[in-house]
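First comes the structure, then the notes that go with it.
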Amino acid sequence: GKPVSDAFISHARESDAAGANASRVHSTRGWGWGEEKPVLTGVDGTFTLTELAPGKYTLRAFRKGGGEALAENVAVGTTNAKLQIKPTGSIEGTVKIAGGTLPDEIEISVEDLKTGFSRGGKFFRTEGRFTMRDLPAGHFHIDASAAGGQAKIEIDAPDGDVLHGRLRGM
């Protein structure tokens with residue numbers, strides 16, 4: 001609810017072709033956000049994008065440490081585009097191999113198939129514990145791999161929540 005002075009704003013031009021933007025939310029994660037340097041918001045949260053070709057754009061606000069927001073169909077010349085970065089959450093858990101053994105090394109991947117968000121991490125000598133921080137709200141598929149097997153679960157994560165779980169029976 002307050003202006004963010006340390007957010008970066010990137011843009012991607014949307015296609016003018018009929019039907020080309022039907023699955024835009026998922027596809028924007030794969031767009032070439034790095035084509036131009038992102039713009040840093042001012043102290044009051046404002047930003048200006050310059051030298052844009054005529055058309056509509058998808059804007060992405062993101063912060064170091066997590067959190068992002070998208071605004072679609074923003075026409076060149078718009079002066080009131082607002083992007084709200086919602087609180088991020090985390091998923092914490094423990095991986096146990098069948099028989100209760102705690103693996104020395106685990107690999108975790110977290111993916112939201114609807115939005116295209118994905119993140120992975122490796123954890124070594126944590127007694128099977130892992131934490132994935134700075135996650136947006138979403139419906140996540142969590143995969144765990146360790147010597148001894150794999151496990152998968154699906155969970156819903158609201159904005160800013162810390163969720164705890166166990167992956168067993170690998």
- Message: For a quick check of your reading of the model, give me the residue pairs whose first member lies in segment 86-105 and is free of Cβ contacts under 8 Å to residues at least 24 places away in the same chain, whose second is open to solvent by 10 Å² or more (accessible area, probe 1.4 Å) and part of a loop (DSSP other than H, G, I, E, B), with beta-carbon atoms closer than 9 Å and at least 6 apart or on different chains.
- Response: G100/R168
- Residue by residue through segment 66-102, note down the ones that are farther than 30 Å from G45 by Cβ and either in contact with a Phe, Trp or Tyr (Cβ under 9 Å, 6 or more places away or on another chain) or polar (S, T, N, Q) (or both). E92, G93, T94, V95, T101
- Message: Out of the residues in segment 152-170 meeting the condition of being part of a strand (DSSP E or B) and within 15 Å of G128 (Cβ to Cβ), tell me which one is modelled with the lowest pLDDT.
- Response: L167
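The values are calculated or read from the model by the stated rules, or taken from the named source; none is laboratory data. In this text the structure is predicted, and so the values were computed from the model without any measurement. Cβ sites come from the backbone with ideal geometry, for glycine too, and all protein chains shown count toward neighbours. The protein model used for the area step is the full one, side chains on, heavy atoms only, and it has no ligands, DNA or RNA in it. Shrake-Rupley method; radii C 1.70, N 1.55, O 1.52, S 1.80 Å.
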